[in-house]
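Visitor: Dropping the structure in here first, questions after.
The values are calculated or read from the model by the stated rules, or taken from the named source; none is laboratory data. Values in this document were obtained by computation on a predicted structure and should not be read as measured data. A quick note on method: Cβ atoms are made from the backbone with ideal geometry, for glycine too, and the neighbour counts reach across all protein chains shown. Just so you know, the surface numbers come from the protein's heavy atoms only, side chains and all, with ligands and any DNA or RNA stripped out. Shrake-Rupley method; radii C 1.70, N 1.55, O 1.52, S 1.80 Å.
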Amino acid sequence: MLFLYNLVVSIAGFFLKIVALFSPKIKLFIEGRKNVFSILEEKIKPKDKTIWFHSASLGEYEQGLPVIEKIKEKYPSHKIIVTFFSPSGYEVRKNNNIADVTIYLPLDTKSNAKKFLKLTHPELAFFIKYEFWLNYLKELETNKIPTYLISGIFRDNQMFFKWYGGFYRKALKAFTYFFVQNEKSKEKIEAIGFKNVIVSGDTRFDRVAAILERDNTVDFIKQFKNNTPTIVIGSSWPKDEALLAEYINQAPSTVKFIIAPHNIKQDQISNLKSQITKSTLLFSEKDNIKDLSNYDVFIIDTVGLLTKIYSYGTIAYVGGGFGNPGIHNILEPATFGIPIVIGPNYSNFAEAVNLVKIGGCIVISDFTELKQTFDRLLLDKKYLNEKSQICKSYIQDNKGATESIMKIVL
């Protein structure tokens, strides 16, 4: 079966080169991997001590960040290597200031795995949440490198739990410890013979809790808000925006809106703006505006500001709930104690399921429910405050995963 796995990886690598001719994202995927080994040869010397973290994309990187920061603090003389599989993670965080080397992970072939580990020679390796690359895991096990899965999630549909998944189960022997998010994941992995598993929780709670300790001031948002109730719309998609634009156009002038779309391509931003009849400002235009408080809607056509912007929200709407795979990050607005409204597709996200269950997050499925929810939150201060406190407490009650992980790693 491992032979078939390697064959599939090789074939996929070939076809991706063809697809790259037509897809900008896949082109980044291919081009970004061309110089990985030469970069490693330049930046990692044979005598360097290193620690390796791998994340699939941006969300997993953010999830692992509290552990990366603690490891860097405890091992100041080691070089930190961060790898990404996806361009959507690498392109956003390639210039981070926590890692000494940030690169794409080469495709999981035998030769790539051997060469990568020979050049990086990590003393510790961490995989964040998932991505189980069989050749890399085999080489880590062969080289007796302590390897950890952090904030892991195991589900019934994964290969490990299928009758034909023996070669995948065997690869899990590379892990020194599995730090999983919940009891169900622990039960799943124990059922196939692994006892080196601990329910540590989700490190994302530590990351978002720490946001409160930072300076979240954004002067131009403060000027725009002008002490007015504000609905912050984060990571919205066109299906979200169609409902939201209808509400915005009907909303009283005593409410303002900040929209940070998931996709900031110019044509989609123009389409969004065209749906809104109220005075609307783009981030890219703000420097030409004397008084931002004169506008009702602020569209953020850039990246990297949403977390801080949530701190100015009265209510948060988090997008993605009308599509697949579902909603985006609800923990960032929750840490600021903001009631959260989402679309109906959220069942694959444990934090959303939990926050809906305890009442901090409200699910809507159409415009009528959206309007009723926003109107009640804006008019009923007691209701708003109850939801706010639930969200804030949920974050504080679930932090501590990083500390649990570090106790064992150290």
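Visitor: Suppose we filter the stretch 1-27 for residues that are open to solvent by 100 Å² or more (accessible area, probe 1.4 Å), in contact with a helix residue (DSSP H, G or I) (Cβ under 8 Å, 6 or more places away or on another chain) and not charged (D, E, K, R); how many remain? First the steps, then the outcome.
Guide: Pass one, the stretch 1-27, residues open to solvent by 100 Å² or more (accessible area, probe 1.4 Å): 1, 3, 14-15, 17, 21-22, 24-25, 27.
If we keep only those that are in contact with a helix residue (DSSP H, G or I) (Cβ under 8 Å, 6 or more places away or on another chain) too, we end up with 1, 17, 21, 25.
Narrowing further to those that are not charged (D, E, K, R): 1, 21.
Of the residues in the stretch 1-27, 2 are open to solvent by 100 Å² or more (accessible area, probe 1.4 Å), in contact with a helix residue (DSSP H, G or I) (Cβ under 8 Å, 6 or more places away or on another chain) and not charged (D, E, K, R).
Visitor: Test residue 365 against the stated conditions and say whether it is out of contact with any Ser or Thr (no Cβ under 9 Å at 6 or more places or on another chain), among the polar types (S, T, N, Q) and not in a helix (DSSP H, G or I).
Guide: Details: out of contact with any Ser or Thr (no Cβ under 9 Å at 6 or more places or on another chain): yes; among the polar types (S, T, N, Q): yes; not in a helix (DSSP H, G or I): yes.
The answer is yes for residue 365.
Visitor: Next question. State yes or no: is residue 88 assigned to a helix (DSSP H, G or I), touching a residue at least 24 places away in the same chain (Cβ under 8 Å), among the small types (Gly, Ala, Ser) and open to solvent by 10 Å² or more (accessible area, probe 1.4 Å)? Even if it seems obvious, please write down each step before you answer.
Guide: Numbers: assigned to a helix (DSSP H, G or I): yes; touching a residue at least 24 places away in the same chain (Cβ under 8 Å): yes; among the small types (Gly, Ala, Ser): yes; open to solvent by 10 Å² or more (accessible area, probe 1.4 Å): yes.
Criteria met by residue 88.
Visitor: Pick out the one residue from 206, 202 that is surrounded by 14 or more Cβ atoms within 10 Å (Cβ to Cβ) and part of a loop (DSSP other than H, G, I, E, B).
Guide: Answer to the selection: 202.
Visitor: Kindly list the number of the only condition in (1) open to solvent by less than 50 Å² (accessible area, probe 1.4 Å); (2) over 20 Å from residue 130 (Cβ atoms) that fails for residue 46.
Guide: That leaves (1) as the condition not met.
Visitor: Within the stretch 26-55, which residues are in a helix (DSSP H, G or I) and β-branched (Val, Ile, Thr)?
Guide: Of the stretch 26-55, the ones in a helix (DSSP H, G or I) are 26-31, 36-43.
Of everything in the stretch 26-55, those that are in a helix (DSSP H, G or I) and β-branched (Val, Ile, Thr) turn out to be 26, 30, 36, 39.
Visitor: Checking residue 227 against (1) under 30 Å from residue 289 (Cα atoms); (2) free of Cβ contacts under 8 Å to residues at least 60 places away in the same chain; (3) open to solvent by less than 40 Å² (accessible area, probe 1.4 Å); (4) of a type in the set (S, T, N, Q), which single condition isn't satisfied?
Guide: (3)
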